[in-house]
Amino acid sequence: MTALFAVMLAAMLAAMLAAMLACTDAPRSPPAAPEALAIAPPPPSPEPWSPPEGFTRLRISLTPYLDEAGLLATHEPFRIWLSERLGVPVDLRVAAGYDELGAQLRAGDVDLGEFSPYAYVRARSVDAALDPLVSYIAAGAVTAAGYIVVDAGSRYQTLDDLRGARFAFVDRASTSGYLYPQRLLVERGLDPDTAFSSVEFLGNHQAVLLAVHDGRAEAGAVFAPSLRALKAKTGISPQAFRIIGKTERIPNDLLCAAGTLAQSVRDEVRRLLLGLTVVTAEGRPVLTPMGINAFVLADDHAYDPVRDADAALRARGAAGP
């Protein structure tokens, strides 16, 4: 009886173990991907795409956040790719200034614009027809930081040390090159109108970094990825600079359509871009030169913090026109 009981007990334990293993091996849902990287496949076209009547060319203009030649070069694979998929030539240009981009779309001179956040907010405030299509994912996120930098060998160690320094901003419509660092400085009691010996606006982030590196400026405001872009362009290492201030996270750039662009073209451009990602062999050579991972649907409310920063500085009389 003892032997028989032992056999029965062993059989029962084996059955229980098998049941437990079956539960353990049951398929489980994979963990949710970070929001910024949850890239959905593009929605299917309702019908095969063909350019609408009268649409023979797509004109795109870029915010001049880096030098013109560099921007055109890094966007060239994107221009070719988009032209092939739309079946029409795509023209690419760089706006002369941050605010000029919005003016170009309002005037009907271009169809799409690649906006920095503050330039977009400023343009949308006077052009409600401006249509945000997609925002950018870069470095795995939909936001980035702005830096205040000095030369690595500079005597300036903190923001408080900057009184009397020669300071360089990018443009009055630049988010990380003016608006957010401006607010950071004001919050630290440094009014750029009075705290510095001189203030310059140099037009793009690369120019600011070069001015700091060469000693023409003693400190400057730039967006974080511009340090890597400078190394790729000139070989100057990010270690040549010291970061002494960091802004809040800023929403990334976005691509917008003029209100005059045919809705079917807007829809197709949006659909195409939402399916483009560096995860694929098709997307890597197109997006990698631009420093972009993928695109997400643009949400105008994501740029409300930029509007808030602008309003706060305007209330102090510190924001640009």
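The values are calculated or read from the model by the stated rules, or taken from the named source; none is laboratory data. Please read these numbers as outputs of a predicted model, since none were measured by experiment. Glycine also receives a Cβ, built like all others from the backbone with ideal geometry; neighbour counts cover every protein chain displayed.
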Legend entry - Some residue of region 224-240 being farther than 25 Å from E100 by Cβ and crowded, with 23+ Cβ neighbours inside 10 Å: no
Legend entry - Set A281, A298: member being over 20 Å from the mean Cα position of the chain (by Cα) and modelled with pLDDT of 95 or more: A281
Legend entry - Hits in region 192-221 - residues which are without any contact (Cβ under 8 Å) to a residue 60 or more places away in the chain, of a type in the set (V, I, T) and outside any strand (DSSP E or B): T194, V208
Legend entry - region 270-310: number of residues that are in contact (Cβ under 8 Å) with a residue 40 or more places away in the chain, among the hydrophobic types (A, V, I, L, M, F, W, C) and surrounded by fewer than 15 Cβ atoms within 10 Å (Cβ to Cβ): 2
Inset, instruction - May I ask you to list the residues in region 64-73 that are touching a residue at least 40 places away in the same chain (Cβ under 8 Å) and over 15 Å from the mean Cα position of the chain (by Cα)? - result: D67, G70, A73
Inset, instruction - Quick one: V90 ticks every box in (1) closer than 19 Å to P51 by Cα; (2) of a type in the set (A, V, I, L, M); (3) touching a Phe, Trp or Tyr at 6+ places or on another chain (Cβ under 8 Å) except a single one, so which number is it? - result: (3)
Inset, instruction - Within region 73-113, count every residue that is among the hydrophobic types (A, V, I, L, M, F, W, C), surrounded by 15 or more Cβ atoms within 10 Å (Cβ to Cβ) and in a helix (DSSP H, G or I). - result: 7
Legend entry - Contacts under 6 angstrom Cβ, first residue in region 242-260 being under 17 Å from V134 (Cβ atoms) and charged (D, E, K, R), partner crowded, with 19+ Cβ neighbours inside 10 Å and modelled with pLDDT of 95 or more, 6 or more apart: D253/S116; D253/Y136
Legend entry - Residue in region 145-166 that is closer than 30 Å to A294 by Cβ, in a loop (DSSP other than H, G, I, E, B) and not polar (S, T, N, Q) present: yes
Inset, instruction - Any chance you could count how many residues in region 234-277 are assigned by TED's automatic domain parsing to the domain that holds L297, aliphatic (A, V, I, L, M) and in a loop (DSSP other than H, G, I, E, B)? - result: 4
Legend entry - The lone exception for V134 - which of (1) within 15 Å of L255 (Cβ to Cβ); (2) of a type outside the set (S, T, N, Q); (3) in the same structural domain as Y178 (by TED's automatic domain parsing) it fails: (3)
Inset, instruction - Search region 142-177 for residues being basic (K, R) and buried (at least 17 other Cβ atoms within 10 Å of the Cβ), and hand back the single one that is farthest from the chain's Cα centre (by Cα). - result: R166
